[in-house]
Amino acid sequence: MTASLELRDVRAGYGRIEILHGMNLNVPAGSVVALLGRNGVGKTTTLRAISGTLPVTSGEIRLDGVRIDGRRASTIASKGVVLVPEGRGVFPGMTVRDNLHIAHHGAGREAKASYAEWEESIGRSFPQLSNRLDQQAGLLSGGEQQMLALSRALVGDPRVLMFDELSMGLAPIIVADLFDRIAALREEGRTIVLVEQYLTYALKLADFCYVLSKGQVAWMGEPSELRASPSASALLTA
C-alpha cells in the first residue's frame, strides 16, 4: 500500500548549522518525486529528516496525515518509510546472506514473504546476488552492493522508498540496470522520493520535480516544465 508524504515548514541541520530553512514538500501516494539542485542545497538533509536519522528542529512531517517527525528512525522505518542512503548502506563485513537475513528479521511482521521466498525473488531480480550469498558484502562490486542495498530496502514492502544518489560511482551500464528496477517499482505504484545526479534518469522517472536552493524549494513542476524553464535550469548548473 502506497502512502502520501508531506513536509510543512521543516527546519533541520547539523549542530548550530541549519540546512533546511522551512522546507515544504508534497509527495502524492504512488508518485515519483525528484529532489534536484546543486551540491549543498539540502537534498540529502531532506531525506535524512524524513527518515528520522536527523532530528527536525521545527515544522511537521506527515505520512498519510499522521505526524512522524520526532519519532525514532526505527519507528519511521517500521511504518514503511525506507531510505537507501548515499554510499550503499550495507554491512560490508557480513555476507550477502547475513545482510539479507538482518533486513528480513528487522522487517518482522511487515515482511509478507518467508525468508526463503524473499531470497528467491531477489535471485530473479538480481541474479548476480544469488551467486554471491556467501561472499562478504564489502567484496562485492559497487553495483552489486547497491543491488543489495535495494534488496534490503524492499524486504518490508515499504510504502515510501527514498533513494539518495543511487548511481554515484557506478558504471553507466550498471546505472541503467538499477534504474530499470526503479522503473519497475514505479509501475507497481510505489511512492518514491529520488535524489539523483543523472538528470536524464530523474526526469524520465519523475512525476514531479522540486529544485532546491539554500535549504528551500526554489522551483517545482513537472519534468516537461523544468526542461522548458530557464530559471529552473539555471538552479541546476554549478
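A short reminder: the numbers here are calculations on the coordinates, not readings from a lab. Predicted, not measured: the structure shown is a model, and the values here were computed from it. Glycine also receives a Cβ, built like all others from the backbone with ideal geometry; neighbour counts cover every protein chain displayed.
Using θ = phi - 60° in the Karplus curve 6.51 cos²θ - 1.76 cosθ + 1.60, the 3J(HN,Hα) couplings for region 173-188 round to 5, 6, 4, 4, 5, 5, 6, 4, 5, 5, 4, 5, 5, 4, 5, 6 Hz; x is entered for Gly and Pro.
Measuring r between the beta carbons of residue 136 and residue 188 and using R0 = 30 Å, the FRET efficiency lands at 0.45.
Dividing the convex hull volume of the alpha carbon atoms of region 13-127 by its residue count gives 155 Å³ per residue. Relative to the longest principal axis of the Cα atoms of the chain, the long axis of helix 96-107 lies at roughly 60 degrees. Calculated on C-alpha atoms, the gyration radius of the chain divided by its Kirkwood radius gives an Rg/Rh of 0.96. Taking the square roots of five times each eigenvalue of the Cα gyration tensor of region 90-157, the equivalent ellipsoid has semi-axes of 18, 12, 10 Å, listed largest first. For the chain, lysine pairs with C-alpha atoms less than 29 angstrom apart, excluding pairs fewer than eight positions apart on the same chain, total 6.
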